[in-house]
1. For the stretch 156-171, what are the residues that are buried (at least 18 other Cβ atoms within 10 Å of the Cβ), away from the ligand (no atom under 15 Å from the Cβ) and under 17 Å from the mean Cα position of the chain (by Cα)?
2. Hey, among the residues in the stretch 133-155 that are assigned to a helix (DSSP H, G or I) and not aliphatic (A, V, I, L, M), which one's least open to solvent (accessible area, probe 1.4 Å)?
3. Among the residues of the stretch 189-212 satisfying the criterion of being assigned to a loop (DSSP other than H, G, I, E, B) and closer than 30 Å to TYR138 by Cβ, which is most open to solvent (accessible area, probe 1.4 Å)?
4. List pairs: first in the stretch 29-58 and within 15 Å of ALA111 (Cβ to Cβ) and among the β-branched types (Val, Ile, Thr), second within 16 Å of the ligand (Cβ to nearest atom) and part of a strand (DSSP E or B), Cβ under 8 Å, 6+ apart or cross-chain?
5. I'd like the full set of residues that are over 23 Å from VAL41 (Cβ atoms) and free of Cβ contacts under 8 Å to residues at least 40 places away in the same chain, limited to the stretch 194-210.
6. Pairs needed: first member in the stretch 115-138, touching a residue at least 40 places away in the same chain (Cβ under 8 Å); second member anywhere, of a type in the set (Lys, Arg) and more than 15 Å from the ligand (Cβ to nearest atom); C-beta distance under 7 Å; at least 6 residues apart or different chains.
7. Name the single residue that is farthest from THR211 (Cα to Cα) among those in the stretch 121-138 being of a type in the set (A, V, I, L, M) and within 14 Å of the ligand (Cβ to nearest atom).
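The values are calculated or read from the model by the stated rules, or taken from the named source; none is laboratory data. This structure is a prediction, so every number in the text was calculated from the model and none was measured. A quick note on method: Cβ atoms are made from the backbone with ideal geometry, for glycine too, and the neighbour counts reach across all protein chains shown. The area values use the complete protein model at the heavy-atom level, side chains included, leaving out ligands, DNA and RNA. Shrake-Rupley method; radii C 1.70, N 1.55, O 1.52, S 1.80 Å.
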Amino acid sequence: MKILLTNDDGVYAPGIGAIRKSLQGLGEVVVVAPDSEQSGVGHSITLAHPLRVRHVYVDGEFFGYGVGGSPADCVKLAVMEIMKGQPRLVVSGINLGSNTGIHVLYSGTVAAAIEGAILGIPAVALSLDVSGFPDLEYAAIISRDVIELLLKHDLPRGSLLNVNFPSVKRGEIKGIRITKQYTYSFEESVDRRKDPAGKTYYWLVGGREITVEEKGTDIEAIRQGYISITPLRYDLTNHELLEKIGCWDWGQLYQHFKDSTFLGKEV
Ligand code: MN
């Protein structure tokens, strides 16, 4: 069984090393990860530049492939070129920093897992909150159990799991919660600064403080010391709204621009 392992913190990040070690013996783990940090790049892909791949060695041993691109690039390249076929599973992480709520949308870690789902491969994104007492080694051990359970049950097409570990000492994890994504914005700010030439520049300060309480969410779970497991899908269609906006006057709108065009009038 082949497992593709990637991340957005880069091929040399401690999180990918920890999960690679933990997955030993489960299958053939192939690391294809960005050669530099790609946190926050979301689902970007590289179109304007060539993608270079190089062999990465850690402590004199072959570790994996470093790609000069985004996490989504890595998954595409791994499946189409490096692995020459579909792996059984795509694992992305372990990211140092939680990927909850809207951060899911900015996350390169989650994007890599989404890319796996797009290619029809079961996928899991793994992230560890680092605000308190993060234990990467323990998160990696539990991740293996999560992955083994996922392999037993599988996922419907287009789906992936987003796993977040709380930032608590290993004896203090309270349990596992199946959660939904927090949907409100976080408190954020922009730092306005001056460079040595006196010119203004800005720095986005990514806040983690929530703006509205929402029950049953990923962020609530990790804040309360639980591991959060959120099923995600990349289909962004709002299925509840399909019928509702279907009742709007689309026919009249169509008739309006159709008539206007025939009469040579402005729409
Ligand atoms: Mn990251």
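1. LEU160, LEU161, PRO166
2. SER143
3. By that ranking, first place goes to GLU209.
4. What qualifies is VAL32/LEU5; VAL32/THR6; VAL32/VAL67.
5. If the condition is that a residue be over 23 Å from VAL41 (Cβ atoms) and free of Cβ contacts under 8 Å to residues at least 40 places away in the same chain, then LYS194, ASP195, PRO196, ALA197, GLY198, LYS199, THR200, GLU209 are the ones that fit.
6. Here the result reads GLU115/LYS76, each pair linking the stretch 115-138 to a residue that is of a type in the set (Lys, Arg) and more than 15 Å from the ligand (Cβ to nearest atom).
7. LEU136
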